[in-house]
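What follows draws every value from the coordinates through simple rules; no lab data is involved. Remember, predicted model here, so these are calculated numbers, not experimental data. Positions of Cβ are backbone-derived with ideal geometry, glycine not excepted, and every protein chain shown enters the neighbour counts.
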Amino acid sequence: MSRHTSFRYCLDPTVEQSEVLTRHAGAARFAFNHSLGVVKTALTHRTTNPDRRVPWTGFDLINAFNSWKKTEAAGRVIVVGANGTAEINVTGLAWRTEVCQQVFEEAAVDCGRALAAFSDSRTGKRAGKRVGFPRFKTKNTTTPTFRIRNKYTKAGRAGGGSA
């Protein structure tokens with residue numbers, strides 16, 4: 001039997017700490033919006049191709065985000081050499097190493113939970129008021145939040161996962 005406990009803290013961060021917290025909250029919003037965009041795109045393509053698989057669970061969304069984040073679609077830089085030749089360097093999300101990997105994963109899980117609540121609400125499995133389809137999070141109207149699991153790597157660092 002395991003017991004889960006959560007804690008809520010009131011923070012008084014320094015300027016540097018506030019920047020890091022803001023960066024993590026922005027990354028969570030970005031990952032949630034990207035995951036929701038993947039679902040909406042897949043649903044749109046499914047109208048023309050009924051066999052198209054739609055990532056709906058948190059696990060599917062984590063896998064979709066992880067496969068996308070290192071691709072050219074996520075980021076690229078055009079480098080011009082001394083001889084004038086241009087070359088495309090794939091960077092992926094260049095800033096992904098500045099935040100904890102778990103922030104991306106937990107945001108994808110949050111998107112999966114929102115989709116599950118929507119599905120359960122439509123089928124009658126969820127009690128209470130009907131839930132609408134999840135919406136994109138905006139910078140100005142949503143409370144900046146993110147989650148990190150209480151997990152440590154083999155090296156003893158908090159965070160787990162790889163960038």
For the stretch 125-134, what does the Karplus curve 6.51 cos²θ - 1.76 cosθ + 1.60, with θ = phi - 60°, yield as ³J(HN,Hα) per residue in whole Hz, taken in order and with x for Gly and Pro?
6, 9, 7, x, 5, 5, 9, x, 5, x
Could you work out the mean projected area of the convex hull around the alpha carbons of the chain, in square nanometres to one decimal?
15.9
What's the center-to-center distance, using Cα atoms, between the stretch 10-83 and the stretch 103-149 in Å?
15
For the chain, built as a Gaussian network whose Cα springs stay under 10 Å, the top-fluctuating residue of Leu61, Leu115, Leu43
Leu43
Please give the peptides 18-26, 32-40, 139-147 ranked by average Cβ packing (other Cβ atoms within 10 Å per residue), highest first, as a rough proxy for protection.
32-40, 18-26, 139-147
Show me, for the stretch 16-21, the HN-Hα J-couplings you get by feeding each phi into the Karplus relation (A = 6.51, B = -1.76, C = 1.60, θ = phi - 60°), rounded to Hz, glycine and proline as x.
5, 5, 5, 5, 5, 5
Relative contact order, percent, of the chain when contacts are C-alpha pairs under 8 Å separated by at least 6 residues?
26
Among Lys69/Lys137; Lys40/Lys70; Lys40/Lys154; Lys69/Lys154, the pairs whose Cα-Cα distance exceeds 27 Å are Lys40/Lys154
Mind checking the stretch 31-103 for GluC sites (Glu not before Pro) that DSSP puts in a loop (not H, G, I, E or B) and that have at most 15 other Cβ atoms within 10 Å?
Glu72
What shape does the stretch 80-127 take by its C-alpha gyration tensor, where a ≥ b ≥ c are the square roots of the eigenvalues and a/c under 1.5 counts as rounded, a/b above b/c as prolate, and the rest as oblate?
oblate
Pop out the ³J(HN,Hα) list for the stretch 107-114 in order, Karplus 6.51 cos²θ - 1.76 cosθ + 1.60 with θ = phi - 60°, rounded to Hz; leave Gly and Pro as x.
5, 5, 5, 4, 5, x, 5, 5
